[in-house]
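A.B. asks: Here you go, one structure.
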Amino acid sequence: MTTNPTATQPVTRYTRTAMTLHWLTALGMICNVALALTVDYLPDDWIRPVIDTHKSIGITVLGLAVLRILWRISHRPPEPPQDAPRWERAAAHVAHVLLYVLIFALPISGWLHDSAWKDAATHPMSLFHVVPWFRINFIMDLPPAQKEHLHDVFGAIHTSFAYMLYVVLALHILGALKHKLIDRESALSRMLP
């Protein structure tokens, strides 16, 4: 009987699927940040298409997040560098947990915000103007005043999550650069093809 020699070896790199999901999620989130920060400066006739694209990317990121969790459950990631200080490993763990929370919280809060939009019923949503997408009915069916209030609340929550993302994402990137440029570790290469 032969055994799989890789079964006992430590995992040193993320799988190609994990890398692909990571970079697609990162690209989607960065694009959405750019769209959100520029929408107020665009001509009026560009605003609705940009917002619709922002929504489509957000729902796509939510789908990618679900796939990432499913993949992560069934595929063990590499261990963090053991020679890093304990506080640094703890900070990296907290940052990763926060990133996962925000990867879900941002699209869900945006979806709730969009579902409470007063004109949602007359402006159907579709992903990238191709795939019809539903809004959350129990919110759309609320009385107009309540829906308008929730639209403001969900919008504020969505914006707060976005600011949290800016901070956590900046820390994540700075941490990866620190490992690469200062510590001369290959932590970043674990997530590169």
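A.B. asks: Test G110 against the criterion of being in contact with a Phe, Trp or Tyr (Cβ under 9 Å, 6 or more places away or on another chain) and of a type outside the set (D, E, K, R), and give yes or no.
C.D. replies: yes
A.B. asks: Which members of region 43-78 meet the condition of being surrounded by 14 or more Cβ atoms within 10 Å (Cβ to Cβ) and assigned to a loop (DSSP other than H, G, I, E, B)?
C.D. replies: P77, P78, listed by residue number.
A.B. asks: Anything in region 145-182 that is acidic (D, E) and in contact (Cβ under 8 Å) with a residue 24 or more places away in the chain? List them, or say none. Even if it seems obvious, please write down each step before you answer.
C.D. replies: Residues of region 145-182 that are acidic (D, E), as a first pass: 148, 152.
If the condition is that a residue be acidic (D, E) and in contact (Cβ under 8 Å) with a residue 24 or more places away in the chain, then E148 is the only one that fits.
A.B. asks: Also, quick follow-up: Picking from L192, L142, L99, which residue would you name as being touching a residue at least 24 places away in the same chain (Cβ under 8 Å) and within 16 Å of the chain's Cα centre (by Cα)?
C.D. replies: Among L192, L142, L99, only L99 is touching a residue at least 24 places away in the same chain (Cβ under 8 Å) and within 16 Å of the chain's Cα centre (by Cα).
A.B. asks: Within region 15-30, identify whether any single residue is farther than 18 Å from L127 by Cα and either touching a His at 6+ places or on another chain (Cβ under 6 Å) or modelled with pLDDT under 90 (or both), and answer yes or no.
C.D. replies: Within region 15-30, one or more residues are farther than 18 Å from L127 by Cα and either touching a His at 6+ places or on another chain (Cβ under 6 Å) or modelled with pLDDT under 90 (or both).
A.B. asks: Here is a further query. Sort out which residues of region 160-172 are more than 13 Å from Y100 (Cβ to Cβ) and modelled with pLDDT under 95, and write them in order of number.
C.D. replies: Listed by number, the residues that qualify are A162, Y163, Y166, V167, A170, L171.
A.B. asks: Would you call V50 in contact with a Leu (Cβ under 7 Å, 6 or more places away or on another chain), among the aliphatic types (A, V, I, L, M) and without any contact (Cβ under 8 Å) to a residue 40 or more places away in the chain?
C.D. replies: Judged against the criteria, V50 is a match.
A.B. asks: Would you confirm, using the coordinates I've provided, whether L64 is free of Cβ contacts under 8 Å to residues at least 60 places away in the same chain and either closer than 21 Å to S189 by Cα or out of contact with any helix residue (DSSP H, G or I) (no Cβ under 8 Å at 6 or more places or on another chain) (or both)?
C.D. replies: Against the criterion (free of Cβ contacts under 8 Å to residues at least 60 places away in the same chain and either closer than 21 Å to S189 by Cα or out of contact with any helix residue (DSSP H, G or I) (no Cβ under 8 Å at 6 or more places or on another chain) (or both)), L64 does not qualify.
The values are calculated or read from the model by the stated rules, or taken from the named source; none is laboratory data. This one's a predicted model, so the numbers in the text were calculated from it and none came from an experiment. Here Cβ is always computed from backbone atoms with ideal geometry, including for glycine, and neighbour counts include all displayed protein chains.
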